[in-house]
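Data first, discussion second: the structure below is written as structure tokens.
The values are calculated or read from the model by the stated rules, or taken from the named source; none is laboratory data. This is a predicted model, so every value here is computed, not measured. With ideal geometry, Cβ positions are generated from the backbone for all residues, glycine too; neighbour counts draw on all protein chains shown.
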Amino acid sequence: MTTRTKSKRAPRAFKQDDPNLVVSETPDIDTGQADLVPAADAKAPEMPAPYTPRGVKWGGLLLGALGGLVTIGAGLWLSDLISGLLTRQDWIGWAAFGLLALAAFSALVIIMRELWALFRLRRLGKLRQAADDAARKEDTDLAKQVTADLQALYRSRPDLAWARARLKENESQFMSANEALSLSERELMTPLDAEARQVIATAAKRVSLVTAISPVAILDMIVVAAQNMRMLRSIATVYGVRPGTFGLIKLARMVVTHIALTGGIALGDDLIQQMIGHRLMAKLSARLGEGLFNGALTARVGLATIEVCRPLPFIKADPPRLRTLLADVARQVAGKPQS
């Protein structure tokens, strides 16, 4: 039996200045350092963009073409109708001309009212921002200007004539921005806040009762939506704006945005139980509890509408609390079935 021995060879010595020495820039394959240590200037591979099919959207073209044909057809029919009626010299032609003039005048009035409502809604927002800046910066001149603008805003309101007179008498006594804004809030905003809270309580009670006795879910949705839109318009009217269709849509968007920015609209059963009591909640039916929940959502939307439409921020006055408002609504709704 032979034994094989592995010969050991000493490492070869070399000099650093040897011209025959070639230093390889490629790392040792066995160590695999090239895969473990990336270069400093190496970039991560870019991910390919998701594939999106390109081409003509035939469905959109079809709907657009059909819509254009319907619009052109309706325009030609209306043009032929008006032209045919105006060429007549009898009473039918004159009646058609009168109706056309009345329709054009009505459309012009509606457009002007919509623009005026949007302007007033924007004016309320600017007043609230100016009042907030005056209170934060202690700017007395700006606070006096806000007070004057409020008096001009409610100049045509006979129910605020006495409040405007009292505010006018005390204008010379304003020593600071806080005093001016506090007096304006007390004289002008206090009666409007009370009226707005009454609008919210009425809408919440109506929604709660209708939801509790309605047997159809789709009817509940229609009633809740209609009552909420009616409440939005009523609250805006209280603070000096009567929005039309487009103004109401813009106001609804502003209210939804405000609710989203201030913590959402979610309500839980614990809130309803705390506001009407555990014993009373146990005696109520599930349907009535659902009605109270919908009423609570309506009240939350109403309070957000007050914060959006009120031309002054809450300075000295306490903002209306949802819990207090819902407690009154719940007691009224719970007392209805017992009567």
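When residues in the range 67-114 are screened for being more than 28 Å from residue 244 (Cα to Cα) and in contact with a Phe, Trp or Tyr (Cβ under 7 Å, 6 or more places away or on another chain), 1 of them pass. The selection criterion, being at pLDDT 80 or above and touching a Gly at 6+ places or on another chain (Cβ under 7 Å), holds for residue 117. Among the residues making up the range 153-199, a single one is among the aromatic types (Phe, Trp, Tyr) and under 23 Å from residue 122 (Cβ atoms): 154.
Restricting attention to the range 72-103, report how many residues are among the charged types (D, E, K, R) and assigned to a loop (DSSP other than H, G, I, E, B). Step through it out loud before you land on a result.
Of the residues in the range 72-103, the ones among the charged types (D, E, K, R) are 80, 88, 90.
Checking the rest, the ones that are also assigned to a loop (DSSP other than H, G, I, E, B) come to 88, 90.
Final tally of qualifying residues: 2.
Residues in the range 207-225: is at least one more than 30 Å from residue 301 (Cβ to Cβ), assigned to a helix (DSSP H, G or I) and among the acidic types (Asp, Glu)?
Kept after step one, since they are more than 30 Å from residue 301 (Cβ to Cβ), are these residues of the range 207-225: none.
Checked the range 207-225: no residue is more than 30 Å from residue 301 (Cβ to Cβ), assigned to a helix (DSSP H, G or I) and among the acidic types (Asp, Glu).
The single residue among 134, 180 that is more than 24 Å from residue 305 (Cα to Cα) and touching a residue at least 40 places away in the same chain (Cβ under 8 Å) turns out to be 180. Considered as a group, the residues in the range 155-175 that are in contact with a Ser or Thr (Cβ under 9 Å, 6 or more places away or on another chain) and surrounded by 13 or more Cβ atoms within 10 Å (Cβ to Cβ) include one that is modelled with the highest pLDDT, and that residue is 163.
Just a yes or no: is a residue in the range 156-169 outside any helix (DSSP H, G or I) and not polar (S, T, N, Q)?
The answer is yes; a qualifying residue exists.
Checked against the criterion of being farther than 20 Å from residue 314 by Cβ and among the hydroxyl-bearing types (Ser, Thr, Tyr), the range 177-199 has no qualifying residue.
Name, by its number, the condition in (1) under 28 Å from the mean Cα position of the chain (by Cα); (2) acidic (Asp, Glu); (3) surrounded by 17 or more Cβ atoms within 10 Å (Cβ to Cβ) that does not hold for residue 132. Residue 132 satisfies all of (1) under 28 Å from the mean Cα position of the chain (by Cα); (2) acidic (Asp, Glu); (3) surrounded by 17 or more Cβ atoms within 10 Å (Cβ to Cβ) except (3). Helices (runs of 4 or more DSSP H) fully within the range 245-339 that include at least 2 residues being under 30 Å from residue 216 (Cβ atoms) and modelled with pLDDT under 75: 269-276, 278-283, 286-309, 322-335.
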